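Below is one structure; the comments refer to it alone.
The values are calculated or read from the model by the stated rules, or taken from the named source; none is laboratory data. Owing to the predicted nature of the structure, the values given are computational and were not obtained by experimental measurement. All Cβ positions, even for glycine, are placed from backbone atoms using ideal geometry, and neighbour counts span all protein chains on display. Side chains are part of the model used for accessible areas, which takes the heavy atoms of the whole protein and leaves out ligands, DNA and RNA. Shrake-Rupley method; radii C 1.70, N 1.55, O 1.52, S 1.80 Å.
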Amino acid sequence: MCNPPSPKMHRRPMNTPSTTSVSPKTIDPKFKELIRLIDWPEPPSPVTHYNLSTSPGHCDYHLLNTRDTYRIGETLEVLITARDHHGRPKEYGGDYFRAKLHCPALKAGVTGHVEDHGNGSYMATFLLPWSGRAEVQIRLIHSSEAVAVLKKKRESHPEKVFFLGFFQFNGSSEVMECNLELPGRDVCKYRDPASGNTWQCVRPRNLPCDSWIYHAGGGLSKVTDQLEDALLSDSVTDRIISGKVSPIKVISDTSSLELTSKLSACRPGRKPAQPSGFYYGDNWRSLTCLARHFPRSSDALACLRGKDIYMFGDSTLRQWFEYLEMFIPSLKVIDLHVFRTSGPLLAVDANAGLAIRWRFHGLPIRTGKTLVSNIHYESAGLAGIGGGPDTVVLVNLWAHFTSFPVRVYLERLEQIHQAIKSLLFRSPQTTVIIKSANTGRKTVHDSDWLSLQLDTLMRATFKGMAVTILDAWDMTSCHYLPDSTHPRPPVIRNEVDLMLSYICPQ
């Protein structure tokens, strides 16, 4: 996501007129099956005191079936016990733990799968994919009580992130608040003619609605009370918990399972393995398909020669564009005279017949001041692509939707699903890659838990289609570098290498 340099993002206090809670709308019945996939255990009753919530300082874990050595391909099981701030074991589930097995010296890491037993205990299961030292890390991202806050605010306070519209006409200008919906306000309503998506801005005092020229992110509204702030505070959010698990030793021998021996080339339609891969020597080794690495720019250019590439998404997809722009010297960016972080962007290599375009998905977007005319909805963009064996379409949609009710994301996903379905019907040889969410945020406005919920819905929506779900979630959650919504270069390099593996599987 982009926090705009101008105008400056700011926080608005709680209980101002613009932060009145919005009554949630009913979920369309056609989405109910998907909604069941993101059911999450809730505390049996609202928490009344901070000390009754899960405390990272009192949680612990221990290894089951301890042995002196383990072999590649085996699994490791770790039992996690959640406790409150008095040190008492919790009797219900819903805490959001993340687990990884790693070895800093080897620059190796793999995510663990955490199962909630519903009684305050959790089982973390790890695949052992490399030989050598490995150590467990368990992090409490959010307590179950904090998750309940996130869920409640997501549905009841979609206005907690607000936007600005810049109106200009005959030398006069006004800046007004905008959003997907502004209940109870006198508003200008806008409907995109191609996609049907809608947007609203508070009606300017002296200018017509047609004078809306620029869009920008506005800021964040405070929607939490003192107890909720405590439940989401840094002191209990994204904290490593202590455990009684010493580093283990993993060995490899002729009887060890060769994890990648039966993998085939990277093709669309594959369901990502669990875990989808692991890091070793700072290189991502896919467990889903026989991925390749592209260490030289000439390797990447050879793969992309003659390709027509369309990217529709947020700034985490723009990072892929920027990586290729820097990595391939002959790829030149065309100056389209736009604000770079909001685009659109275009890079070409005429001699190689290569064109790469990145365009921000449609509103809502948190970005700097950008022309409304440059904001196009992704479903309309997809409808305008002819497709074919040399066409690559990359899509991602998540980060700018975490603050809105789930129905907003589902309605948008449905549009994209239909657009991709139509594209593949007319041009089945088109390569379509959908990038998953990244880990990185831990607030009421942008949280990994909120991202995980949307990511689950995205994967279910495109299940069974001839598209590739590129699992950036695993790639960002087990790297040795700190979590970041915008991962650092080593992670981006591995993400792009995996993308290229699906474009050029052999």
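Just the residues that are within 17 Å of Trp130 (Cβ to Cβ) and in contact with a strand residue (DSSP E or B) (Cβ under 7 Å, 6 or more places away or on another chain), please, taken from region 95-104. Of everything in region 95-104, those that are within 17 Å of Trp130 (Cβ to Cβ) and in contact with a strand residue (DSSP E or B) (Cβ under 7 Å, 6 or more places away or on another chain) turn out to be Ala99, Lys100, Leu101, His102, Cys103. Can you pull out every residue in region 474-496 that is buried (at least 21 other Cβ atoms within 10 Å of the Cβ) and in contact with a strand residue (DSSP E or B) (Cβ under 8 Å, 6 or more places away or on another chain)? Within region 474-496, Asp474, Met475, Ser477, Cys478, His479, Asn494, Glu495 meet the criteria.
Lys107 fulfils the conditions (1) more than 21 Å from Ala472 (Cα to Cα); (2) among the basic types (Lys, Arg); (3) open to solvent by 40 Å² or more (accessible area, probe 1.4 Å) except for a single criterion, (1).
Does Glu181 satisfy the condition of being touching a residue at least 40 places away in the same chain (Cβ under 8 Å), within 26 Å of the chain's Cα centre (by Cα) and open to solvent by 10 Å² or more (accessible area, probe 1.4 Å)? Against the criterion (touching a residue at least 40 places away in the same chain (Cβ under 8 Å), within 26 Å of the chain's Cα centre (by Cα) and open to solvent by 10 Å² or more (accessible area, probe 1.4 Å)), Glu181 qualifies. Can you name the residue in region 287-300 that is out of contact with any Pro (no Cβ under 9 Å at 6 or more places or on another chain) and not in a loop (DSSP other than H, G, I, E, B) and, of all such residues, is surrounded by the most Cβ atoms within 10 Å (Cβ to Cβ)? If we take residues in region 287-300 being out of contact with any Pro (no Cβ under 9 Å at 6 or more places or on another chain) and not in a loop (DSSP other than H, G, I, E, B), then Ala300 is surrounded by the most Cβ atoms within 10 Å (Cβ to Cβ). Can Thr367 be described as assigned to a loop (DSSP other than H, G, I, E, B) and in contact with a helix residue (DSSP H, G or I) (Cβ under 6 Å, 6 or more places away or on another chain)? Here the answer is no, as Thr367 does not meet what is asked.
Of note, Ile433 does not satisfy the criterion of being touching a strand residue (DSSP E or B) at 6+ places or on another chain (Cβ under 7 Å), under 22 Å from Ile35 (Cβ atoms), open to solvent by less than 20 Å² (accessible area, probe 1.4 Å) and among the aliphatic types (A, V, I, L, M).
So in region 194-204, with the set limited to residues that are touching a strand residue (DSSP E or B) at 6+ places or on another chain (Cβ under 9 Å) and either among the β-branched types (Val, Ile, Thr) or under 27 Å from Ala419 (Cβ atoms) (or both), which one is surrounded by the fewest Cβ atoms within 10 Å (Cβ to Cβ)? Outline the logic, then answer.
Within region 194-204, the subset touching a strand residue (DSSP E or B) at 6+ places or on another chain (Cβ under 9 Å) is 197-204.
Subsequent filtering for residues that are either among the β-branched types (Val, Ile, Thr) or under 27 Å from Ala419 (Cβ atoms) (or both) retains 197-202.
Details: Asn197: 20, Thr198: 12, Trp199: 24, Gln200: 20, Cys201: 25, Val202: 18.
Result: Thr198.
This table checks each residue for (1) touching a Gly at 6+ places or on another chain (Cβ under 9 Å); (2) not β-branched (Val, Ile, Thr).
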site	(1), (2)
Pro129	yes, yes
Ile141	no, no
Leu150	no, yes
Val187	no, no
Asn197	yes, yes
Cys209	no, yes
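Could you check region 68-151 for strands (runs of 3 or more DSSP E) lying wholly inside it with 2 or more residues that are more than 27 Å from the chain's Cα centre (by Cα)? I'd like the intermediate steps shown before the answer.
Details: elements: 75-81, 96-103, 108-116, 121-127, 132-142.
Of the strands (runs of 3 or more DSSP E) lying wholly inside region 68-151, those with at least 2 residues that are more than 27 Å from the chain's Cα centre (by Cα) span 75-81, 132-142.
Based on what the data block shows, is Glu42 acidic (Asp, Glu), open to solvent by 20 Å² or more (accessible area, probe 1.4 Å) and in contact with a strand residue (DSSP E or B) (Cβ under 8 Å, 6 or more places away or on another chain)? Judged against the criteria, Glu42 is not a match. Does Ser501 qualify as being without any contact (Cβ under 8 Å) to a residue 60 or more places away in the chain, farther than 15 Å from Val395 by Cβ, open to solvent by less than 10 Å² (accessible area, probe 1.4 Å) and of a type in the set (Gly, Ala, Ser)? Criteria not met by Ser501.
Residues that are open to solvent by 30 Å² or more (accessible area, probe 1.4 Å) and in a helix (DSSP H, G or I) within region 381-406 comprise just one, Ala383.
Screening region 351-382 for residues that are among the charged types (D, E, K, R) and touching a His at 6+ places or on another chain (Cβ under 8 Å) and picking the one that is farthest from Lys435 (Cα to Cα) gives Lys369. In the condition set (1) within 18 Å of Met123 (Cα to Cα); (2) surrounded by 15 or more Cβ atoms within 10 Å (Cβ to Cβ); (3) free of Cβ contacts under 8 Å to residues at least 60 places away in the same chain, His85 is compliant with all but (1).
Total residues in region 205-251 satisfying the condition of being touching a strand residue (DSSP E or B) at 6+ places or on another chain (Cβ under 7 Å), farther than 14 Å from Ala146 by Cβ and not in a strand (DSSP E or B): the figure is 12. For region 257-286, how many residues meet the condition of being over 20 Å from His102 (Cα atoms) and either open to solvent by less than 40 Å² (accessible area, probe 1.4 Å) or among the basic types (Lys, Arg) (or both)? Residues meeting the conditions: 8. Listed by first and then second residue, the pairs with beta-carbon distance under 6 Å, at least 6 apart or on different chains, first residue in region 273-296 and in contact (Cβ under 8 Å) with a residue 60 or more places away in the chain, second β-branched (Val, Ile, Thr), are Pro275/Val110; Pro275/Thr111; Ser276/Thr288; Phe278/Val110. Taking (1) open to solvent by less than 50 Å² (accessible area, probe 1.4 Å); (2) of a type in the set (D, E, K, R); (3) touching a strand residue (DSSP E or B) at 6+ places or on another chain (Cβ under 6 Å) in turn, Arg191 satisfies each apart from (1). One residue stands out in region 470-482 among those that are in a loop (DSSP other than H, G, I, E, B), touching a Lys or Arg at 6+ places or on another chain (Cβ under 8 Å) and not aliphatic (A, V, I, L, M): the one that is nearest to Trp398 (Cα to Cα), namely Cys478. Being in contact with a helix residue (DSSP H, G or I) (Cβ under 7 Å, 6 or more places away or on another chain) and assigned to a strand (DSSP E or B) is not true of Val348.
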